[in-house]
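One structure is given below, encoded as structure tokens.
The values are calculated or read from the model by the stated rules, or taken from the named source; none is laboratory data. It should be emphasised that the depicted structure is a prediction, and the values quoted were computed from it without experimental measurement. Cβ placement follows ideal geometry from the backbone for every residue including glycine, while neighbour counts extend to all protein chains displayed.
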């Protein structure tokens, strides 16, 4: 048996039998899973009997060896799975256009407590930004005059606790909506914790992560810097600033993740495991909507008819 | 001996069996001295001729078949129907068939007939005139304009009734037409007075249902309900990364300084 991260087989119980041997040899007992469909890799410190991927909910899971999560931190869960179910039920139970699949208990309870791997860092951007500023006005001959200016701004921006999702399978904008975490109680990962959490590791490389952060940070910096330019139009001409990262660490943030496959699309319902912020991406069921529309149509039709008939 | 026995039987039957009074119409003769009009009719030069030319009848007979369109049996059945209707509705009815309206319009003839005889204050008059080519029919309503006769037998309903029974009149089915007429009178009376009703192709009185409005309302409400639930489903607003980052800027160290702002050139054009 090799330790190079090769895929083992989910159906084969021996794999898990053997993995207990690994457990003994390895400093920690971590069970790794890889989705054969989307390629997501996730770990658990306890052996879990899962058949489908926690991200794409497709069948077909293979086992992988633990690749290491050294120097990683996590934010503990404050919310329970019942809080998620309660919120989720509140959202869908009285909504007749949500597909029936999403209302099944089995679906609801397939929610997973996941620690999502993110990069947390403080980011500084400093340097000079060159803009072209434009003012336009009518001159005395009633012609339009555009006055152009060279604008130079020196900037110094500190962004603290910028969290970056490094898993491409989790929608960035959905994650941003719920990722309002308090980082004051970061804890080191306790490998001896036998709770049934999943640890979803990132699939982005270091360079692409910093490039992604750099682009996003610069965009925000330019937007703020623009507000300081006293011209009606402004355009960035040159960016002579430097973005630097400090206190970078991998942090596992707690989320409740419910992935449901519906008509070849994956719908993710995410709740922040620390403060309960949520984003439920739910589809509109065509059949359910049609039935509901016909029901309302029929009901209103009947009531209107009876009113018209008897009054 | 045989003749005597027959004669006796005829005389006996006349004496002891009721004679159908509807077989012939008792029409009285109006004279200038005795116009035979109800007390409330004001007689003057403008209407005396009309009165004299209007048949004076016994208002209890109800069926006045001058044109002889019904058999005796049919007349009796119609009479019974009319009496039943009058008893339940307290609305008087006069059914007149004629082949001569004395050169009056059928409507004038009908109203004169009702007004100058001793009918009740509230009532309806139905006239079939078979003079000339195609027969004419008319229904008039008499009473207080705000009273029950006008509210039950509105102009629209009268038009509906006449339209429906005219198909029988055209085929000379006078009894059938009159019979249906009385049934429809009764039908309208038994309905709630408010609401719109019409006579169906089968001669039944049915309520007019505003189908188009109902369908539009149903579609509109279905749409509104669906939009409401779609909104409920989509009420979460995704946060942009810029919004997210704006919360992460350390305002204490933030420094944006305008170092240079130099005019470089200008472009003049006649376009905006």
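Out of A:160, A:221, A:177, one residue alone is within 30 Å of residue A:53 (Cα to Cα), within 12 Å of chain B (Cβ to nearest Cβ) and modelled with pLDDT of 85 or more. It is A:177.
Residue-wise test of (1) surrounded by fewer than 18 Cβ atoms within 10 Å (Cβ to Cβ); (2) assigned to a helix (DSSP H, G or I).
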residue: A:213; (1), (2): no, yes
residue: A:216; (1), (2): no, yes
residue: A:224; (1), (2): yes, yes
residue: A:229; (1), (2): no, no
residue: A:241; (1), (2): no, no
residue: A:246; (1), (2): yes, no
residue: A:258; (1), (2): no, no
residue: A:261; (1), (2): yes, no
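The residues in segment B:227-251 that are surrounded by 13 or more Cβ atoms within 10 Å (Cβ to Cβ) and out of contact with any helix residue (DSSP H, G or I) (no Cβ under 6 Å at 6 or more places or on another chain) can be counted, and the count is 11. Of the helices (runs of 4 or more DSSP H) lying entirely inside segment B:99-214, those containing at least 2 residues that are surrounded by fewer than 20 Cβ atoms within 10 Å (Cβ to Cβ) and modelled with pLDDT under 90 are B:148-152, B:155-170, B:174-190. Scanning segment A:272-284 for residues that are within 12 Å of chain B (Cβ to nearest Cβ), more than 14 Å from the chain's Cα centre (by Cα) and buried (at least 20 other Cβ atoms within 10 Å of the Cβ) yields a total of 1.
For segment A:286-309, filtered to residues that are surrounded by fewer than 20 Cβ atoms within 10 Å (Cβ to Cβ) and under 34 Å from the mean Cα position of the chain (by Cα), the residue that is farthest from residue A:100 (Cα to Cα) is A:293. Here segment A:9-65 is the region considered, the condition is being under 26 Å from residue A:192 (Cβ atoms), part of a loop (DSSP other than H, G, I, E, B) and in contact with a helix residue (DSSP H, G or I) (Cβ under 7 Å, 6 or more places away or on another chain), and the residue that is modelled with the highest pLDDT is A:47. I'd like to know if segment B:30-53 contains one or more residues that are in the same structural domain as residue B:136 (by TED's automatic domain parsing), in contact with a strand residue (DSSP E or B) (Cβ under 9 Å, 6 or more places away or on another chain) and in a strand (DSSP E or B). No, segment B:30-53 contains no residue that is in the same structural domain as residue B:136 (by TED's automatic domain parsing), in contact with a strand residue (DSSP E or B) (Cβ under 9 Å, 6 or more places away or on another chain) and in a strand (DSSP E or B). Going through (1) touching a residue at least 40 places away in the same chain (Cβ under 8 Å); (2) at the interface with another protein chain (Cβ under 7 Å from one of its Cβ atoms) one by one, residue B:189 falls short only on (2).
For segment A:79-138, name all the residues that are surrounded by fewer than 19 Cβ atoms within 10 Å (Cβ to Cβ), within 20 Å of the chain's Cα centre (by Cα), more than 10 Å from chain B (Cβ to nearest Cβ) and within 30 Å of residue A:160 (Cβ to Cβ). Selection gives A:80, A:83, A:87. Checked against the criteria, residue B:223 counts as more than 7 Å from chain A (Cβ to nearest Cβ), closer than 30 Å to residue A:302 by Cα and surrounded by 12 or more Cβ atoms within 10 Å (Cβ to Cβ). Test residue A:149 against the stated conditions and say whether it is within 8 Å of chain B (Cβ to nearest Cβ) and either modelled with pLDDT of 90 or more or assigned to a strand (DSSP E or B) (or both). Yes.
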